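Structure record follows, encoded as structure tokens.
The values are calculated or read from the model by the stated rules, or taken from the named source; none is laboratory data. Just so it is clear, the model here is predicted, and its values are computed rather than measured. So basically every Cβ, Gly included, is an ideal-geometry build from the backbone, and we count neighbours across all protein chains shown.
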Amino acid sequence: MEALGLAGFFLLAHQVVAWARSRGILAVARGSAVGSLLAHLLDLTPVDPVAEGLLFERFLHGGMKALPDIDLDLSSRRRQEVIRHLEEAYRAQEAMAAAYVTYRLPLAVQDLGRALGLPAELRNRLTRALGRDFRHLPPHRAQEAEPLFREVLGEAPVKGLLLRLLALMEKGHVRHLMPHVGGVVVAPGPLTRYAPVVRSAGGIQMLTLDKDDLEALGLVKLDLLGLRMLSALERAREEVFRSEGVWLDLEGLPQEEAVYRPLWRGETLGVFQLESPAQTAMSRRLRPKTLEDLAQQIALVRPGPIQSGTVRPYLERRLGRERSRPLHPVLQGLLSKTHGVLLFQEQLLSLLHHGAGMGWAEAEAFRKALSKAQDEEDLKPLRERFLEGLRSTLGLEGEEAMEVWRLVEGFRGYGFTESHAQAFARHAYASLWLKAHHPAAFLAGLLSEAPGMWPPATLRQEARRLGVPLLPLSVNRSGLHYRVEVARGVKALRLPLTAAKGVSEDFARAILRQRLRGPFRSLEDFRARLEPPEDVLLALVKAGAFDELHGRREALFRAGLAPEGPLLSEAIPPPPLPPLHLGERLRLDLEAKGLSELPLHPLDLLRGRLEELGATPIPLLRPGPALTAGLVVARQKPPTAKGHAFYVLEDGPHRLQAVIPPEVWARRYRVFRDARILLVQGVYTGASLRVEEAWPLKDV
């Protein structure tokens, strides 16, 4: 580190973390830097790389041509404070690196469509129609999505013109520059020596060089990455302190087996890195009990291990159904903790170094070449070099050497670094611990910061499962974020003012300032004191913000009166209005807020219809042929899944993964693209349902 001049770099990272923590901002290192003992001693990470057996050379070795990065995770809601601090501290010596934003099909359609005079509504319909199959295409491949262009534009001349212009766009065409997701550059002198420094649209100081440019110039980049889960944990910690007076040390939480047990039941919603359907299924099978178990699980459910076939032997050996094959003592030492499979990048590098006799620089170059290898032509020189190394270093030849090569060849996809997985495992455990010990505060953090894959209505159903009531939105009680309140001796969550769609944080703050003068006595009092825009007032009324002052229908009536002359409007009595029935209120809540404090789910209002159709509720399914229904809450169609799509259907607090084979996806593409509630028929395995037929419920 001294030879490469990295002492100042590490001290800068230490200063950033210390400054952030002194202000209550969660900040911690991730990635390969976690494998450095110096990072641990400088308090950048709680992970002790010596105790965990991490590999320093994945982060830094003497043969490196490029300087390493230090990645720091920061609470995303307060990341800007840290960046502003660096700007003030280093001025002309500091700026964010730039990123080149290149065109993908939806953005190209929007820009070209605007130039051709296509109305915004038509452009938006077209970009929505591209769906998951075509949204990632570069513009010059737009012809592949021609059926969807025809579906929206018909045979209008503009369709052909738009497709021809898209086909002419160059691959990798840069649309604009934007600040890098996290890269901060601090140089010995003014950055204008290297390139222009500008202000981004968001006011961030930006050097007009990307990460490759910085590497070529020998400039060091410190990645300050905003992580929403840290914001959620930070928010939950604040709620615990506000409601109980206890300040939690989230890096020093005690290890408790009871905290892990919900994972064994598949109760993973909201848990960092473990809440996807695939991770949920893996949690049930692996039953993790330690941080190392979490780190290995986080690394296992990734495209690389899945594509390479690593998952099955790992599971079989971990669960005691299969023995690890005998290996050379050197290899056994490298792979024993992952049951004889290559799971981490560090293991591959160690194998190349200790098993094939490569220096660290060559091993790193080999790893990168392997990750990019596409065919036999790419693999052949790598295989020859590796087998020769095994022969000369360990004396392995023939089938024994080829067996080791197959382990290496299987690592071609993206693999996690163990140091990164160890850092993420600690975030996962902190979320598990808070969910177990402080569920209301944890849900307040999740709903306020939205760090995961689930919509607010699904998190609301999780609150229902955990026995955490939701208190209604109120102009006199709600704040800017979800907060814990005690209601009838139970910790509950109060919906914030911003839960009403169309209510900005600025306007919510204006409401809070007015409340300092006293509570609002009526809708007319609210209107007179704040003079709200009519659409904002209506959004609050629809969301139930005035329910404690007026019935919902009465509030809607009052909101419809002319704002002039409040005395006159107060004097106009509302006509007799019946209260909203539960279905009307649920529908209005979902429309106005995206969730409801009612302990109901949309499917609760359709039980009779679903029974007529022969649908079995999700929690009552048994393995075998099945017909069921659910609200679509997640859609995934990863490119590594060989054409399969994965939907999550929800029925109250219960969820089901629906696996859609390629032929069913092609036959019912529009149904899967557009439906909000699906009726699906197929075979239930006990963990998921393989779909054979599907109907949108509104059309059944």
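Could you identify the single residue in R228, R193, R175 that is within 30 Å of V271 (Cβ to Cβ) and among the basic types (K, R)?
From the options R228, R193, R175, the qualifying one is R228.
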* Could we say that R367 is in the same structural domain as W405 (by TED's automatic domain parsing) and at pLDDT below 90 here? -> no
* Does P262 fit the bill of being part of a loop (DSSP other than H, G, I, E, B) and modelled with pLDDT of 95 or more? -> no
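Return the residues of the range 286-309 that are hydrophobic (A, V, I, L, M, F, W, C) and under 26 Å from H644 (Cβ atoms); say none if nothing qualifies.
L286, I298, A299, L300, V301, I306
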* Within the range 14-27, how many residues turn out to be within 24 Å of A421 (Cβ to Cβ), among the aliphatic types (A, V, I, L, M) and either surrounded by fewer than 21 Cβ atoms within 10 Å (Cβ to Cβ) or touching a Ser or Thr at 6+ places or on another chain (Cβ under 6 Å) (or both)? -> 2
* Whichever residue in the range 167-195 is loosely packed, with under 12 Cβ neighbours inside 10 Å and free of Cβ contacts under 8 Å to residues at least 40 places away in the same chain and, among such residues, is nearest to the chain's Cα centre (by Cα) -> K171
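One line per residue, one yes/no per condition, for (1) at pLDDT 90 or above; (2) more than 28 Å from P451 (Cβ to Cβ); (3) of a type in the set (G, A, S); (4) assigned to a loop (DSSP other than H, G, I, E, B):
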position	(1), (2), (3), (4)
L74	yes, no, no, no
E87	no, no, no, no
A97	yes, no, yes, no
V101	yes, no, no, no
R114	yes, yes, no, no
* Asked: Taking R164, is it under 16 Å from G113 (Cα atoms) and over 28 Å from the mean Cα position of the chain (by Cα)?
  -> yes
* Which of the residues belonging to the range 39-65 are surrounded by 20 or more Cβ atoms within 10 Å (Cβ to Cβ), among the β-branched types (V, I, T) and either in contact with a Leu (Cβ under 9 Å, 6 or more places away or on another chain) or more than 25 Å from V16 (Cα to Cα) (or both)? -> V47
* Asked: Given the structure, is R483 modelled with pLDDT of 95 or more, basic (K, R) and surrounded by fewer than 19 Cβ atoms within 10 Å (Cβ to Cβ)?
  -> no
* Structure fact -> Considering only helices (runs of 4 or more DSSP H) wholly within the range 309-351, the ones with at least 1 residues that are over 32 Å from the mean Cα position of the chain (by Cα) are 329-335
* When you go through K491, K435 one by one, which is the residue that is farther than 24 Å from R587 by Cα, outside any helix (DSSP H, G or I) and among the basic types (K, R)? -> K491
* For the range 360-410, which fully contained helices (runs of 4 or more DSSP H) count at least 3 residues that are touching a Gly at 6+ places or on another chain (Cβ under 8 Å) and surrounded by 13 or more Cβ atoms within 10 Å (Cβ to Cβ)? -> 360-372, 376-394
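For the condition outside any helix (DSSP H, G or I), touching a helix residue (DSSP H, G or I) at 6+ places or on another chain (Cβ under 6 Å) and either outside the structural domain of K337 (by TED's automatic domain parsing) or over 28 Å from E238 (Cα atoms) (or both), what is the one hit in A66, A33?
A66
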